[in-house]
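Everything below concerns the one structure shown next.
What follows draws every value from the coordinates through simple rules; no lab data is involved. Values in this document were obtained by computation on a predicted structure and should not be read as measured data. A quick note on method: Cβ atoms are made from the backbone with ideal geometry, for glycine too, and the neighbour counts reach across all protein chains shown.
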């Protein structure tokens with residue numbers, strides 16, 4: 001059984017002008033020890049998926065349908081009180097901006113100790129020793145001296161290391177990392193990714209890595225889910241999604257990323273932009289921008305279908321569909 | 001020949017030994033009470049470069065390396081503390097004093113949300129430089145020109161009636177480009193023009209900028225922290241670290257045969273689509289504070305090749321031949337031939 005099962009998860013935001021459906025029947029699993037990357041452009045719903053799983057949706061957002069199960073137990077319908085011990089102990093979180101994640105009024109050691117004592121039975125002295133070990137493990141130099149330093153005394157990269165320690169210190173089984181390196185410079189980003197990879201591997205932690213950076217995903221994830229307009233449009237092993245994308249959107253997305261390896265005259269571009277939530281087209285949400293659009297895409301919404309090594313929500317891969325012949329060659 | 005200088009016939013813009021310091025001292029009273037001196041931050045330290053007409057020079061580097069300060073100096077928003085910037089053969093300050101010269105340069109900013117006035121209609125935003133420079137006077141002429149500019153950047157003439165909030169980030173950046181083009185400039189400074197945009201939209205904007213360069217013969221100074229974007233856009237490339245250009249040369253030469261240890265570190269550090277399943281050893285350390293830079297070569301605390309000389313002596317630029325042309329590298333190890341290349 002998978003560690004995390006997300007099953008037809010739907011998130012809605014009631015507004016004065018009607019209900020906006022921000023996540024629309026999103027389903028995926030994360031196995032024990034697996035790193036699942038979630039990519040997509042701004043507004044695709046990738047951060048919202050993480051927030052919904054961990055029970056941190058901003059009101060008026062609400063889970064309107066579907067289930068989230070951790071180890072077979074439903075966690076989407078728990079009360080705040082019953083969710084609190086799960087958050088931190090079972091599911092850790094790393095957010096984009098390390099400055100807002102840490103409390104500026106408390107020393108980093110205090111924050112680590114507090115988190116560990118909230119979830120694990122530890123004496124003050126043990127918790128402090130363990131906090132020092134965690135700071136050492138995430139690569140803070142002179143951890144014993146710096147444990148009583150405040151967040152502002154650390155640089156951005158060091159702060160993000162502290163945040164990682166904070167997310168992992170109660171030894172959760174799943175970590176949701178939402179754009180953990182976006183606020184950092186490239187040389188620091190490489191250090192943080194390597195650290196995150198090593199720690200989660202050592203502790204057997206599963207990771208849901210949310211980012212807009214395909215490069216980070218390519219390097220870190222085992223499988224990747226590509227999101228578009230509140231739905232997963234493709235999910236599969238990272239190599240297949242990057243090298244032989246099946247969904248026309250994924251294909252366009254990969255082509256639009258400038259490469260370091262070679263210079264091309266023109267980048268492939270997907271014209272237009274992702275639809276707003278109040279104007280999602282009928283049928284496949286990608287149909288106005290899709291180069292391979294045909295009749296059925298305007299009328300029916302595709303579910304995930306097997307497409308080579310990955311699954312894609314695209315009618316090109318429906319064997320019963322009266323598809324144009326390109327489907328066979330592309331798959 | 002001057003350190004770091006190159007020869008190009010009739011360049012569009014030339015920077016000669018340019019530095020810029022900012023006063024980051026505490027207030028006078030506090031300074032007096034605590035007996036502290038003034039504190040100067042040297043954001044840009046003695047840099048020289050040339051941008052030939054019709055080409056793109058990119059400056060790349062991490063936060064705080066001074067690349068945006070260079071961009072602002074190149075259009076005259078900051079004056080250099082030392083050194084000189086020459087635009088079309090004239091000192092920049094003299095060129096900026098003449099409207100006819102001033103209209104030939106313009107700038108595209110990073111944040112398309114902050115750089116457009118939310119109270120103005122798009123047609124007024126785009127028309128402002130035309131009116132300011134008195135390029136056209138009749139209402140009909142200006143409206144026609146604005147419509148043509150909007151079409152040129154891939155928007156509809158009818159979009160001119162709308163306000164900026166009605167557009168997405170990518171469309172707003174198109175509006176910024178239309179505004180920058182409306183004074184018919186020849187030289188554009190682009191400070192991180194796509195870093196606020198999603199990748200598929202970034203591709204649209206980068207393609208548009210290249211198309212416009214070919215069609216209008218524009219010269220770009222392109223500032224970015226994203227090396228892949230820089231590789232796509234630039235003819236020539238300067239890599240900046242703590243206010244200095246550590247490597248400068250033809251883009252392909254720098255990407256194919258990087259010589260400076262910092263350039264190699266940067267290229268090594270970037271996660272790339274081709275990295276699936278591979279792992280690597282990242283270089284440790286962080287960029288030091290520009291207020292108190294290390295002595296000698298500012299990169300020496302992180303450099304695998306650093307020795308005693310690097311810790312005391314600031315490296316001058318060494319000329320290195322590459323297949324694509326000459327590259328300037330500010331590194332003792334390269335000069336002494338102990339970089340293993």
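Overview of results
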| read-out | value |
| --- | --- |
| Distance between modelled label sites at residue A:99 and residue B:133, nm, 7 Å Cα→Cβ extension | 3.7 nm |
| Spread of Cα-to-Cα distances over 10 Å intervals beginning at zero, given as percent, for segment A:248-330 | 16, 44, 30, 10, 0 |
| log₁₀ of I(q)/I(0) at q = 0.13, 0.17 Å⁻¹ - segment B:102-249, Debye sum with one point per alpha carbon | -0.58, -0.95 |
| Ranked A:264, A:224, criterion: other C-beta atoms within 10 Å, fewest first | A:264, A:224 |
| For segment B:167-211, alpha-carbon Rg and Dmax in angstrom | 10.3, 29 |
| Share of Cα-Cα pairs in chain A lying beyond 37 Å, as whole percent | 21 percent |
| Where labels lie 7 Å past Cα in the beta-carbon direction, separation of residue B:113 and residue A:261 in nm | 3.5 nm |
| Chain A: angle of helix A:156-168 to the longest principal axis, Cα-based, in degrees nearest 10 | 90 degrees |
| For segment B:38-188, alpha-carbon Rg over 2.2 N^0.38 Å | 1.16 |
| Scaled radius of gyration (Cα, divided by 2.2 N^0.38 Å) that chain B gives | 1.07 |
| Angle in degrees between helix A:186-202 and the longest Cα principal axis of chain A, rounded to the nearest 10 | 80 degrees |
| Fraction of alpha-carbon pairs over 18 Å apart in segment A:184-265 - percent | 49 percent |
| Where a label projected 7 Å from the Cα of residue B:274 along Cα→Cβ would reach, residues of segment A:12-43 with amide N under 11 Å | none |
| Mean separation of Cα contacts under 8 Å, 6 or more apart, over the residue count of chain A: relative contact order % | 19 percent |
| Inverse mean reciprocal Cα-Cα distance (Kirkwood Rh) of the protein assembly as shown, Å | 27.3 Å |
| Candidates B:170, B:134, B:66: whichever shows maximal mean-square fluctuation once chain B is modelled as a Gaussian network with Cα springs under 10 Å | B:134 |
| Ranked list, fewest to most other Cβ atoms within 10 Å of each Cβ, for A:164, B:245 | A:164, B:245 |
| Segment B:299-341 - convex hull of alpha carbons, volume per residue in Å³ | 73 Å³ |
| Residue of B:246, B:199, B:18 that the Gaussian network model of chain B assigns the largest fluctuation, springs spanning Cα pairs under 10 Å | B:199 |
| CD proxy at 222 nm, helix term only [per DSSP H run n ≥ 4: -39500 (n - 2.57); per residue of chain A; nearest 500] | -9000 deg cm²/dmol |
| Cα-based convex hull volume of segment B:191-341 per residue, rounded to whole Å³ | 141 Å³ |
| Prolate/oblate/rounded label for segment A:68-221 (Cα gyration tensor, a/c 1.5) | oblate |
| Pair residue A:114, residue B:26: separation of 7 Å Cα→Cβ label points (nm) | 2.9 nm |
| Relative contact order for chain B, counting Cα pairs under 8 Å that sit 6 or more residues apart, in percent | 19 percent |
| Order of B:314, A:197, B:67 under a 10 Å beta carbon neighbour criterion, fewest first | B:314, A:197, B:67 |
| Highest-MSF residue in chain B out of B:116, B:227, B:33 [GNM, Cα springs under 10 Å] | B:33 |
| Convex hull projection area averaged over all views, segment A:192-331, Cα basis, nm² | 10.1 nm² |
| Acute angle (nearest 10 degrees) that the helix A:108-119 long axis makes with the longest principal axis of chain A, alpha-carbon atoms | 80 degrees |
